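Working notes, structure below.
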């Protein structure tokens with residue numbers, strides 16, 4: 001019994017059918033409790049006031065934006081090496097979720113930035129990297145959409161994902177370097193982790209767990225949809241030929 | 001491989017617009033910017049490094065979709081794929097030919113256009129060297145993008161969407177070199193990074209390009 | 001014991017859909033095979049698979065390395081190059097040289113220095129086929145080589161195949177609708193049409 005058996009679409013469908021509702025409910029419970037706890041039952045920051053509470057959405061979505069890409073990279077590699085269709089479709093399914101996570105991170109970042117920096121947008125290295133990541137996501141999804149043949153699309157997007165990953169890391173480094181070049185010494189970093197007390201940290205952990213579970217639920221749901229679409233396509237092809 | 005390079009260069013010269021078009025586009029962008037920004041010499045000289053780099057990036061982008069599209073349509077690409085010439089080598093040569101027809105003339109012309117934008121005198125050398133080291137990377141990355149979209153009917157726009165984010169690191173380090181050069185700061189780090197990206201890109205992307213071509217030829 | 005092209009139980013697919021299965025043949029030096037079959041049965045796909053442009057669905061192709069060439073109606077002719085330059089390019093890619101005899105064999109002597117863009121459709125085809133005489137490959141996979149050729153040019157090409165290629169120990173697999181006058185066996189692809197539920201399809205996992 002190997003893990004790869006679940007890469008068979010039928011196995012995957014029957015395996016995930018009971019899991020999906022469980023993950024969905026768990027995601028909702030974690031999200032609601034984490035956010036309510038964070039929003040209403042934690043003290044306000046002495047410097048930033050209530051604005052700091054956007055942290056409970058911003059940080060988890062930013063984490064998931066990066067992890068979604070990482071998941072796509074792993075899934076692409078599995079597709080290229082082992083040719084498991086579910087893997088390619090999971091990568092395809094994760095991309096729009098990743099886009100939304102990136103968008104949430106960008107928008108909450110801008111909203112947080114307004115009271116902190118007095119401007120909606122600053123070319124802060126982190127925000128800029130997410131903007132670039134957003135562009136990578138757009139290109140990836142556009143390539144999927146442009147190619148008719150599913151296997152060709154899976155192959156080409158996988159190659160793009162691997163090359164894109166290298167360039168995304170490179171861009172992150174470049175952006176850091178570029179901004180430090182502009183404002184030397186000025187720190188606009190939103191890195192809250194170092195000075196976050198436990199009282200803020202526990203609800204944040206619950207919210208992060210909620211986002212992870214939400215991501216898993218959405219990707220499972222979308223992968224199942226993609227598998228069904230592919231099955232319809234396969235049945236239509238067969239019907240035309242017989 | 002040399003035969004392919006010579007053929008591509010010959011085609012670029014004979015088809016017209018091979019060398020000239022990218023350069024003319026570069027010139028127009030550089031001329032248009034002051035109209036948009038205003039004629040103050042100080043502002044122009046501050047943004048000149050960025051403009052020159054962004055303009056050469058766009059000029060390089062302009063001719064990318066021709067790298068493989070013509071050879072794909074008339075079947076030459078399939079014939080090259082079945083010839084003793086490895087596709088990886090062909091990808092490398094295609095990028096090189098693209099650089100010779102666009103990147104090289106841009107590099108040579110950029111200092112002249114720097115005058116129009118009041119580029120600081122100290123920066124000319126850095127503009128030249130950063131473009132000389134960086135534009136080959138633009139050609140190779142663009143060749144990869146062209147290979148991804150070669151089978152698509154209207155791949156040009158999609159290719160820009162795929163290629164431009166990949167250009168970010170080269171652009172940042174390239175323009176940073178010139179900016180630092182203009183301000184008299186040390187330029188070693190960005191310059192080494194530009195050279196490193198070009199070296200890395202030419203070492204690895206021919207393989208990714210050849211893989212994409214094989215998938216598209218299937 | 002000379003060169004051989006052995007195809008065993010070959011299956012091939014276009015766009016993930018199996019077209020042909022169980023194709024078997026064996027060709028020795030100097031032998032040709034003509035593929036027949038209705039439009040869309042998979043002649044082009046079979047030839048592209050044989051030439052290594054796409055992976056087979058199943059079966060094996062035993063073919064000496066670096067000896068095969070593929071030619072279809074899209075023959076990679078560059079309009080901005082002269083006839084000679086076009087041939088020179090393919091010759092140097094394959095590490096060979098263009099012999100004068102090629103221009104004669106394909107009636108291109110007078111067109112030698114014309115730009116390929118100024119040639120007629122038939123003349124362009126002759127130039128495309130002349131590439132085969134230049135690259136020195138022993139195994140040819142030809143997809144409708146005689147499209148847009150007049151009767152005289154068809155004869156030229158048939159003569160080239162017989163005298164310059166097969167007589168010198170070459171092998172050819174040809175998909176064509178007209179009679180080239182080769183004394184070659186024909187294979188009708190109809191019996192090899194893949195069943196609608198043939199294995200190996202990329203859809204298989206989803207059914």
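The values are calculated or read from the model by the stated rules, or taken from the named source; none is laboratory data. Just so we're clear, the structure is a prediction, and the values are computed from it rather than from any experiment. Here the Cβ is made from the backbone with ideal geometry for all residues, glycine too, and neighbour counts use every protein chain on show.
Residue-wise test of (1) more than 9 Å from chain A (Cβ to nearest Cβ); (2) surrounded by fewer than 20 Cβ atoms within 10 Å (Cβ to Cβ); (3) in a loop (DSSP other than H, G, I, E, B).
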site: B:151; (1), (2), (3): no, no, yes
site: B:178; (1), (2), (3): yes, no, no
site: B:181; (1), (2), (3): yes, no, no
site: B:196; (1), (2), (3): yes, yes, no
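Within the range A:120-177, being out of contact with any helix residue (DSSP H, G or I) (no Cβ under 9 Å at 6 or more places or on another chain) and either at the interface with chain B (Cβ under 8 Å from one of its Cβ atoms) or more than 30 Å from residue A:232 (Cα to Cα) (or both) holds for one residue alone: A:169.
If you check A:209, A:239, which single one turns out to be crowded, with 18+ Cβ neighbours inside 10 Å and modelled with pLDDT of 75 or more?
Of the residues listed, the single one that is crowded, with 18+ Cβ neighbours inside 10 Å and modelled with pLDDT of 75 or more is A:209.
All conditions but one from (1) buried (at least 21 other Cβ atoms within 10 Å of the Cβ); (2) touching a helix residue (DSSP H, G or I) at 6+ places or on another chain (Cβ under 6 Å) apply to residue C:148; the one that does not is (1). Condition check for residue A:81 on (1) within 14 Å of chain B (Cβ to nearest Cβ); (2) crowded, with 20+ Cβ neighbours inside 10 Å; (3) without any contact (Cβ under 8 Å) to a residue 40 or more places away in the chain: one failure, at (2).
The selection criterion, being out of contact with any strand residue (DSSP E or B) (no Cβ under 6 Å at 6 or more places or on another chain), surrounded by fewer than 24 Cβ atoms within 10 Å (Cβ to Cβ) and more than 9 Å from chain A (Cβ to nearest Cβ), does not hold for residue B:208.
The listed residues are B:36, B:20, and the only one of them that is more than 12 Å from every other protein chain (Cβ to nearest Cβ), modelled with pLDDT of 90 or more and surrounded by fewer than 17 Cβ atoms within 10 Å (Cβ to Cβ) turns out to be B:36.
Quick grid of which residues meet (1) at pLDDT below 95; (2) within 24 Å of residue A:60 (Cβ to Cβ); (3) within 15 Å of the chain's Cα centre (by Cα); (4) not in a loop (DSSP other than H, G, I, E, B):
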residue: A:158; (1), (2), (3), (4): no, no, no, yes
residue: A:163; (1), (2), (3), (4): no, no, no, yes
residue: A:169; (1), (2), (3), (4): yes, yes, no, yes
residue: A:188; (1), (2), (3), (4): yes, yes, no, no
residue: A:203; (1), (2), (3), (4): yes, yes, no, yes
residue: A:214; (1), (2), (3), (4): no, yes, yes, yes
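A single entry from B:138, B:131 fulfils the requirement of being closer than 19 Å to residue B:207 by Cα, at pLDDT 90 or above, surrounded by 24 or more Cβ atoms within 10 Å (Cβ to Cβ) and in contact with a helix residue (DSSP H, G or I) (Cβ under 7 Å, 6 or more places away or on another chain): B:138. Does any residue of the range A:143-151 turn out to be in contact (Cβ under 8 Å) with a residue 12 or more places away in the chain and buried (at least 21 other Cβ atoms within 10 Å of the Cβ)? Scanning the range A:143-151 turns up at least one residue that is in contact (Cβ under 8 Å) with a residue 12 or more places away in the chain and buried (at least 21 other Cβ atoms within 10 Å of the Cβ). Quick one: is residue B:78 closer than 30 Å to residue B:209 by Cα, touching a helix residue (DSSP H, G or I) at 6+ places or on another chain (Cβ under 9 Å) and at pLDDT 90 or above? Considered against the rule, which asks whether it is closer than 30 Å to residue B:209 by Cα, touching a helix residue (DSSP H, G or I) at 6+ places or on another chain (Cβ under 9 Å) and at pLDDT 90 or above, residue B:78 comes out as yes. Only one entry of B:114, B:103, B:134 meets the criterion of being within 21 Å of the chain's Cα centre (by Cα), within 14 Å of another protein chain (Cβ to nearest Cβ) and in contact (Cβ under 8 Å) with a residue 40 or more places away in the chain, and that entry is B:134. Return the residues of the range A:27-38 that are farther than 11 Å from residue A:216 by Cα and surrounded by 15 or more Cβ atoms within 10 Å (Cβ to Cβ); say none if nothing qualifies. Hits for the range A:27-38 are A:30, A:31, A:33, A:34, A:35, A:37, A:38. Within the range B:155-176, the set of residues being over 21 Å from residue B:211 (Cα atoms) and more than 7 Å from chain A (Cβ to nearest Cβ) comprises B:157, B:170, B:171, B:174, B:175.
Evaluated against (1) surrounded by fewer than 21 Cβ atoms within 10 Å (Cβ to Cβ); (2) part of a helix (DSSP H, G or I); (3) in contact with a helix residue (DSSP H, G or I) (Cβ under 9 Å, 6 or more places away or on another chain), residue B:185 falls short on exactly one condition, (2). The set of residues in the range C:155-207 that are in contact with a helix residue (DSSP H, G or I) (Cβ under 7 Å, 6 or more places away or on another chain), surrounded by fewer than 16 Cβ atoms within 10 Å (Cβ to Cβ) and at pLDDT 85 or above contains only C:164. Residue pairs whose Cβ atoms lie under 8 Å apart, separated by 6 or more positions or on different chains, with the first residue in the range C:186-203 and within 9 Å of another protein chain (Cβ to nearest Cβ) and more than 17 Å from residue A:239 (Cβ to Cβ) and the second surrounded by 14 or more Cβ atoms within 10 Å (Cβ to Cβ) and at pLDDT below 80, do not occur.
The set of residues from the range C:54-78 being under 30 Å from residue C:117 (Cα atoms) and surrounded by 18 or more Cβ atoms within 10 Å (Cβ to Cβ) comprises C:68, C:69, C:70, C:71, C:72, C:75, C:76, C:77, C:78. Screening the range C:1-112 for helices (runs of 4 or more DSSP H) wholly inside it with 1 or more residues that are within 12 Å of chain B (Cβ to nearest Cβ) returns the ranges C:43-50, C:83-93.
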